[in-house]
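The values are calculated or read from the model by the stated rules, or taken from the named source; none is laboratory data. Just so it is clear, the structure is predicted and the values come from calculations on it, not from any experiment. Virtual Cβ from ideal backbone geometry, glycine too; neighbours counted across all protein chains shown. Ligands, DNA and RNA are excluded from the accessible area calculation, which covers all protein heavy atoms including side chains. Shrake-Rupley method; radii C 1.70, N 1.55, O 1.52, S 1.80 Å.
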Amino acid sequence: MRTKIKALPWQELLLPLAAVVLALLIGSVFILYVGENPLTAYGILFKESLGSVRNIATTLQRATPLMFTGMAVAFAFRAGLFNIGAEGQLYIGAFAAAWVGFTFANLPRIIHLPLAIVAGMAGGALWASIAGVLKAKLGVHEVINTIMLNFIALFLTDWLVTGPFHGGSWVPETARISASAALSRIYPPTRLTTAVYLAVVAAAAVYLILWKTKRGYELRAVGLNPSAAEYGGINVARNTIIAMAISGALAGLAGTEQILGLHNRFILRFSSDLGFMGVAVALLGKNHPVGVILAAILFGALQAGSAAMDRLTAVPRELITIIQALIIFFVAAEYLIRRMLRLKEDA
Amino acid sequence: MGKVLEMRAITKQFPRVLANDKVDFDLNHGEIHALVGENGSGKSTLMSILYGLYQKDGGEIIVRGQPVQITEPRQAIDLKIGMVFQHFMLIEPLTVAENIVLGSEIRKGPFLDHKRMVSEVERLSEEYGLKIDPNAKVADLSVGLQQRVEILKALYRGADILILDEPTAVLTPQEVEDLFEVLNTLKSKGTSIVFITHKIKEVLAVSDRVSVLRRGKKIGTKSTAETNEQELAEMMVGRVVLLRVEKGPAKPGREVLRLDGVTVKDQFGHVKVNNVSLTVRSGEVLGIAGVEGNGQSELVEAIAGLTKVAGGSIHLSNQDITGWSPLRVRRAGFGLVPEDRHRRGLVLDYSVADNLILGLHGSKPFVHNGLRSEKKIAEHAEELIRDYDIRPPVASQPARALSGGNQQKIVVAREFTQNPDLLICSQPTRGVDVGAIEFIHQQVIAQRDQGAAVLLVSAELDEVLSLSDRVAVMYNGEIVNVMPIEEVTEHKLGFLMLGGRPEEYDANEVSGSADQD
Ligand SMILES: Nc1ncnc2c1ncn2[C@@H]1O[C@H](COP(=O)(O)OP(=O)(O)OP(=O)(O)O)[C@@H](O)[C@H]1O
Ligand SMILES: [Mg+2]
């Protein structure tokens, strides 16, 4: 309707929460089916993901790359762009970071680490800018062109890691990055690194850019009404490219974090769909940096707890994938939930 | 004649506004009841409640003698209530017949029965004298015909109470005539009609009774025969309204805008603006009259830098601005009230404050080292909300939540306070109430008197006639004639707007003047 106005903040939160609860409820049907008690299974899930500082650290470690990819997707979305290319941008960024990491072995840490991070961001930004240019200058829809660029990024890094930059071992991976480029762990033995701080800084930066700068005003205007933006003297093409570049830089950070914090080398196809998960995280987080952080933590928790649930009960860890899918389904089916919760737009 | 509808003490509270305050409204069988009132007075809200789009907070609705609860449009449709919105809800790629039967399709087994659908629509259009080709694609129809499809859609669902929310705002004068004919036919068949409009002339022309709302309250209901323009205007606004614009003679100064042989083509290469040459001087209003779709929009967009120019040149204050970006043109001293405020003029999901800086968002007080100066933006908003009486006066509300007229005031306020050298106003008062029209007209003249060159594009003859110092007529992409206001008559404008040549008119007038008036 013409007069639909933005829902109140608490309702914004209510919706994702309802989606999570519904997903867990349906998940419990599966748990019953395999002959377990849902309360026991979810109890383990909860304990193993949030029950101790150590478990929380693991959860955060799982969540960190999702914070970056979620933010990447959300940022582009605010500018009216559906970036499904986070996966490809992540690989290019990861490779760039790894390359800096294993190439400049003699740099002092204070230069080497930032340089590798910047390289990772730049790699992602550059890759995403290709999509931005294709969209802005040639009108190729970003969904199509980012999907294609994903394939190119994958095969390109496949070749790099098996060909010119193969590390010499029997597995398809590059040489190790030097210690001066590795992120430090904050809570050993968990693999949580300082990247999680970087994610919080990135979230703050995204918030500031979008809502407190001239650039953000332009980006969001382009996303909400490109015709009015154009009329207001905003260069739509330029902002499209910039939005993609920033989005790509965020995706690149996810790859960087994986290399410098976790794998310490570039491994062939290491990502297990972190980029695509970013779409889900952004959706659940309502494309808001705070929402994205929370959503990423939720997904991180599910993943962190799933191993123990798998080990201690008859419930397979794949249940987590089902629950994640259900959450997304319910968030997307906003209308359905609104009706169930009887949220009246004008109430 | 019995009452088919009674609404008693309807109250509707929105988070910040009491949109309807114990409003009584009734509708007789087979009457046309006009509903008028300022922007934001609650007309659409009242009718949306009747149609089940909003839930009332108090009051009762009685349809054909029965108290009813209407909580969704489905129930309204079952009660034979139909509504035609200002923004049509048609599916453009489908045909007229498909759109009309949508939701209650005629089937043959599992398949659609296209033949019967078409014949059914033909029968309906015959019965009500609403001529239309059932097989035409909706996307190919003019706005007037699309509206006809909306009306048929309601009738197909059996509506005998028909609500039309500002149906004439988007129509050309000829289409308005046609619509009135349709309404009268419907009325003679026993349909009862609620007709929302801002134009008092239309109220007087077509309605039987008229009800006036002001700030959510019902001010009164009059029999149309017993009222007049001035009285209605005063009831709407609550004070005496100047229906004529008061202005002194123009004092044209330097040349501000010069078009030399400007030609504009659309994306398919069709010529939309053909070799147009014009000048507008500082301190004068040049009105462009013309039936919509004769190249006015393209011409304006070309000057604004929003469309490429295929030939010719545009000068603004002696600078050649042909091919400049919209931002550069703006900064060279240009302001534009665009014809379509929803598409061009506003980012509806932005707050009122943010909309008030669109186009200025990158300029000095509002941004500092790339960062927004929230304080300046808020001050600017407060000032304009006060000066232009934007209601409700809440800078943080999204523009979407404001009524149409108040949305227009946002655009006008923003463009006018820049005191541009060249100000283009395209349909500046579309969908705007009489009080606001008076205000906007005064502002246009004030801009002129401060030395702006004003180019006014309007489909409202009255508006062109009362504001312009010179009038140009645009037909089929060409400027047919430019004349000083003293030489213009409504009749002559009408003749030229429909494609008549100036020479023919002068010849005709001598021989045919006896038949006129
Ligand atoms: N969904 C909504 N949420 C909050 N306020 C609303 C909403 N819809 C309308 N309003 C407010 O209610 C009041 C009445 O609005 P309404 O649209 O009924 O006015 P109107 O008489 O139709 O005006 P116009 O002539 O400009 O169309 C206005 O102040 C408007 O801002
Ligand atoms: Mg209205």
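What does the accessible area of residue A:17 come to, in Å² to the nearest 10, when a probe of 1.4 Å is used?
Taking all protein chains as shown, residue A:17 has close to 100 Å².
Using DSSP H assignments, which helices in chain A have an axial alpha-carbon span of 18 Å or above and a mean Kyte-Doolittle hydropathy of -0.5 or higher?
Numbers: long enough: A:9-33 (37 Å, 1.86); A:53-78 (35 Å, 0.63); A:86-103 (25 Å, 0.89); A:109-138 (42 Å, 1.32); A:142-162 (29 Å, 1.40); A:195-212 (24 Å, 2.01); A:236-257 (32 Å, 1.05); A:289-312 (35 Å, 1.38); A:318-332 (21 Å, 2.39).
Sorted by number, the helices that extend far enough and score high enough are A:9-33, A:53-78, A:86-103, A:109-138, A:142-162, A:195-212, A:236-257, A:289-312, A:318-332.
Taking only Cα atoms and a 10 Å spring cutoff, compute GNM fluctuations for chain A and point out the largest among A:94, A:179, A:74.
A:179
In deg cm²/dmol and to the nearest 500, what is the mean residue ellipticity at 222 nm of chain A if only DSSP H runs of at least 4 residues count, each as -39500 (n - 2.57), divided by the residue total? Walk me through the numbers before you get to the answer.
On the way: 14 runs with 248 residues, N = 347.
Result for chain A, helices only: -24000 deg cm²/dmol.
Just grab the label-to-label distance for residue B:189 and residue A:170, each label 7 Å out from Cα along the Cβ direction, in nm (one decimal).
In this crude label model, residue B:189 to residue A:170 measures out at 8.5 nm.
Provide the solvent-accessible area of residue B:215, counting protein heavy atoms only and rolling a 1.4 Å probe, rounded to the nearest 10 Å².
150
Over the Cα atoms of the range A:209-347, how large are the radius of gyration and the largest Cα-Cα distance (Dmax), in Å?
So, for the range A:209-347, Rg and Dmax equal 19.2, 61 Å respectively.
Placing unit charges on C-beta atoms (Lys and Arg positive, Asp and Glu negative, everything else neutral), compute the dipole magnitude of the range B:266-357 about its Cα centre in debye, rounded to 20.
Numbers: 9 positive and 10 negative charges, 52 e Å.
Charge dipole, the range B:266-357, about its Cα centre: 240 debye, nearest 20.
Between helix B:502-512 and chain B, what is the angle of the helix's C-alpha long axis to the longest principal axis, kept within 0 to 90° and rounded to the nearest 10?
60
Collect residues whose amide H, placed 1.01 Å from N in the peptide plane, falls under 5 Å from the amide H of residue B:336; neighbours closer than 5 in sequence don't count.
For residue B:336, the qualifying residues are B:424.
With every protein chain kept in the model, how would you rank B:166, A:318, B:415 by accessible area, 1.4 Å probe, largest at the top?
Numbers: B:166 25, A:318 110, B:415 5 Å².
Descending order: A:318, B:166, B:415.
Pull out a ≥ b ≥ c, the square roots of the eigenvalues of the alpha-carbon gyration tensor of the range B:291-449, then state rounded if a/c is under 1.5, prolate if not and a/b is larger than b/c, and oblate in the remaining case.
Values: a/c = 1.78, a/b = 1.27, b/c = 1.41.
The shape class here is oblate.
Using the charge dipole of the range B:131-207 (Lys, Arg: +1 at Cβ; Asp, Glu: -1 at Cβ; taken about the Cα centre), state which of B:192, B:144, B:134 has its Cα farthest towards the positive end.
Working it through, the farthest residue towards the positive pole turns out to be B:192.
Have a look at A:149, A:32, A:81 and tell me which one the Gaussian network model of chain A (Cα, springs below 10 Å) gives the largest fluctuation.
A:32
At each listed q (0.21, 0.22, 0.23, 0.28 Å⁻¹), what is the log10 of I(q)/I(0) that the Debye formula gives for the range A:99-154 modelled as equal alpha-carbon point scatterers?
-0.75, -0.78, -0.82, -1.02
If I model a spin label as a point 7 Å beyond the Cα along the Cα-Cβ vector, how far apart are those points for residue B:268 and residue B:221 in nm?
In this crude label model, residue B:268 to residue B:221 measures out at 4.9 nm.
For peptide A:211-221, how many partner chain Cβ atoms fall within 10 Å of a residue's Cβ, on average? Before the final figure, lay out the partial values.
Details: counts 2, 4, 5, 10, 5, 3, 11, 2, 0, 4, 7.
For peptide A:211-221, the averaged partner shielding equals 5.
At 7 Å along Cα-to-Cβ for each site, give me the label-to-label distance between residue A:311 and residue B:476 in nm.
8.4
On average, how many beta carbons from a partner chain sit within 10 Å of the beta carbon of a residue in B:101-108?
Details: counts 0, 0, 0, 0, 0, 0, 0, 0.
Partner-chain Cβ atoms within 10 Å, mean over residues of B:101-108: 0.
Under a straight-distance cross-link criterion of Cα-Cα below 15 Å, which aspartates and glutamates are reachable from residue A:47, leaving out those fewer than 8 residues away in the same chain?
Counting by Cα, and skipping residues close in sequence, residue A:47 has these aspartates and glutamates nearby: A:310.
Find, to one decimal place in angstroms, the Kirkwood hydrodynamic radius of chain B, where the mean of 1/r is taken over every pair of different Cα atoms and then inverted. Could the numbers behind the result be given before it?
On the way: mean 1/r = 0.0404 Å⁻¹.
When all Cα pairs of chain B are included, the Kirkwood radius is 24.7 Å.
Can you give me the solvent accessible area of residue A:268 with a 1.4 Å probe, rounded to the nearest 10 Å²?
Its heavy atoms expose roughly 60 Å² to the probe.
Return the value, in Å² to the nearest 100, of accessible area buried between chains A and B (probe 1.4 Å, both sides summed).
Values: alone 16830 and 23300 Å², together 37270 Å².
About 2900 Å² of accessible surface is lost on pairing.
For the range B:3-237, which whole-number percentage of the solvent-accessible area (1.4 Å probe, protein heavy atoms only) is attributable to carbon and sulfur atoms? Can you show the working numbers first?
Numbers: 4900 of 10050 Å².
Exposed carbon and sulfur together represent 49 percent of the surface.
List the trypsin sites (Lys or Arg not before Pro) within the range B:300-393 that DSSP assigns to loop and that have no more than 13 neighbouring Cβ atoms inside 10 Å.
Values: sites: B:308, B:328, B:330, B:331, B:341, B:343, B:344, B:372, B:375, B:376, B:386; in loops: B:308.
Qualifying residues, ordered by number: B:308.
More than 56 Å apart: what percent of Cα pairs in the protein assembly as shown qualify?
Values: 80103 of 372816 pairs.
So the portion of pairs separated by more than 56 Å is 21 percent.
Could you order A:62, A:339, B:414 so the one with the most accessible surface comes first? Probe is 1.4 Å. The partial results should precede the final answer.
Details: A:62 95, A:339 140, B:414 0 Å².
The ranking, largest first, comes out as A:339, A:62, B:414.
List every residue whose amide H lies under 5 Å from the amide H of residue B:57, counting only residues 5 or more places away in sequence or on a different chain, with H placed 1.01 Å from N in the peptide plane.
B:11, B:12, B:13
How much area per residue is accessible in the range A:130-171 when the probe is 1.4 Å and only protein heavy atoms are counted (Å²)?
Numbers: 2490 Å² over 42 residues.
Per residue, the range A:130-171 has an accessible area of 59 Å².
Go through the range B:294-329 and flag every residue whose accessible area shrinks by 40 Å² or more with all protein chains in place compared to the isolated chain (probe 1.4 Å).
The answer is B:306 - residues whose exposure falls by at least 40 Å² when every protein chain is included.
Largest first and to the nearest Å, give the Cα extent of the range A:79-197 along each principal axis.
Extents along the principal axes, in whole Å: 45, 34, 26.
How high is the FRET efficiency between residue B:442 and residue B:343 when r is their beta carbon distance and R₀ equals 35 Å, given to the nearest 0.05?
Details: r = 27 Å, r/R0 = 0.76.
The value I calculate is 0.85.
Using Cα atoms only, what is the angle between the long axis of helix B:374-387 and the major principal axis of chain B, expressed in degrees (0 to 90) to the nearest 10?
Helix B:374-387 sits roughly 70 degrees off the main axis of chain B.
Which of B:199/B:492; A:137/B:375; A:214/B:308; A:212/B:217 have a Cα-Cα distance over 29 Å? If you can, show how the numbers build up before the last one.
Details: B:199/B:492 23 Å; A:137/B:375 37 Å; A:214/B:308 27 Å; A:212/B:217 40 Å.
Flagged as over cut-off: A:137/B:375; A:212/B:217.
Mind checking which aspartates and glutamates have their C-alpha under 20 Å from residue B:56, skipping anything on the same chain fewer than 8 residues away?
In chain and number order, the partners are A:345, A:346, B:6, B:21, B:24, B:26, B:72, B:78, B:165.
I'd like the Karplus ³J(HN,Hα) series for the range B:8-18: coefficients 6.51, -1.76, 1.60, θ = phi - 60°, whole numbers in Hz, and an x wherever there's a Gly or Pro.
So the J values, rounded to whole Hz, are 10, 6, 6, 10, 9, 10, 8, x, 10, 10, 8.
Mark the label point 7 Å from the Cα of residue A:179 along Cα→Cβ and return the residues of the range A:85-102 whose backbone N is within less than 16 Å of it.
A:102
Angle check, please: helix B:173-188 long axis (alpha carbons) against the longest principal axis of chain B (alpha carbons), in degrees 0 to 90, nearest 10.
With rounding to tens, the tilt is 10 degrees.
Over the range A:33-118, calculate the relative contact order: mean separation of alpha carbon pairs under 8 Å at least 6 apart, over the residue count, as a percent. Numbers along the way, then the final one.
Details: 30 pairs, mean separation 11.8, N = 86.
Relative contact order, the range A:33-118: 14 percent.
Take the eigenvalues of the Cα gyration tensor for the range A:14-346, scale each by 5, and report the square roots as semi-axes in whole Å, largest first.
On the way: eigenvalues 193, 166, 59 Å².
Three semi-axes, in Å: 31, 29, 17.
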